[in-house]
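Structure first, then comments.
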Amino acid sequence: MVRPNPAGDDPPRPSWMGAPGYVPHPEPAPHTPMPGPPPYPPAEKHPPVGAAGDRTGFGPPLAASAVWAAVLVVLVVVVSGPPPGVGGIIRLLLSCALIGLLAATVTWVVVRRHAWPFWVVVLVAAPFFWLLRTVIQFPG
């Protein structure tokens, strides 16, 4: 509390100090944090609007369809036995390649705007590959 000066030569009090007898707020101890919000984290750098971010190219869907094509070849050989002759093997591999290419194209249309890991792309490609395998029937 500020005591009045007996000599009366106090300078005039500024208007913000309030009425006579005003006691200013004590200063915080030096070890206490300053009032207010904590410091903000550094700003993140974002790509400009419309810029291409992380996307999936055609390679991962093609590789995922190749995985399912290999599974199909193994299943055909295990269940039906090896195809008769070289012509049967070529026909099996070409049908798997065509179905794999079509499934990779459809899968790429779905995943091209995302940056997913490969195992997710394999899971997304599975229904397209097996649906196309069911729909497309090759002679022989």
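The values are calculated or read from the model by the stated rules, or taken from the named source; none is laboratory data. Keep in mind it's a predicted model, so treat the numbers as computed, not measured. Please note: Cβ atoms are built from the backbone with ideal geometry, for glycine as well, and neighbour counts cover all protein chains shown. All accessible areas refer to the heavy atoms of the entire protein, side chains included, with ligands and DNA or RNA removed. Shrake-Rupley method; radii C 1.70, N 1.55, O 1.52, S 1.80 Å.
A few notes on this one:
- Take the Cβ atoms of Val77 and Val135, set R0 to 22 Å, and the FRET efficiency comes out at 0.50.
- Applying a DSSP loop filter and a limit of 14 other Cβ atoms within 10 Å to the trypsin sites (Lys or Arg not before Pro) in the stretch 103-140 leaves Arg112, Arg113.
- For the stretch 87-104, Karplus couplings with θ = phi - 60° (6.51, -1.76, 1.60), whole Hz, Gly/Pro x: x, x, 5, 5, 5, 5, 5, 5, 5, 5, 5, 5, 5, x, 5, 5, 5, 5
- Centre-to-centre separation between the Cα atoms of the stretch 115-134 and those of the stretch 82-114: 12 Å.
- Sulfur and carbon atoms: percent of accessible area, the stretch 43-140 [1.4 Å]: 73
- Measure of compaction for the stretch 80-131 (Cα Rg per 2.2 N^0.38 Å): 1.43
- If you plug the beta carbon distance of Glu44 and Val23 into 1/(1 + (r/R0)^6) with R0 = 35 Å, you get a FRET efficiency near 0.15.
- The stretch 36-108: radius of gyration over Cα atoms, expressed as a fraction of 2.2 N^0.38 Å: 2.04
- Rough spin-label spacing in nm, given labels placed 7 Å along Cα→Cβ, for Leu101 and Phe118: 2.3
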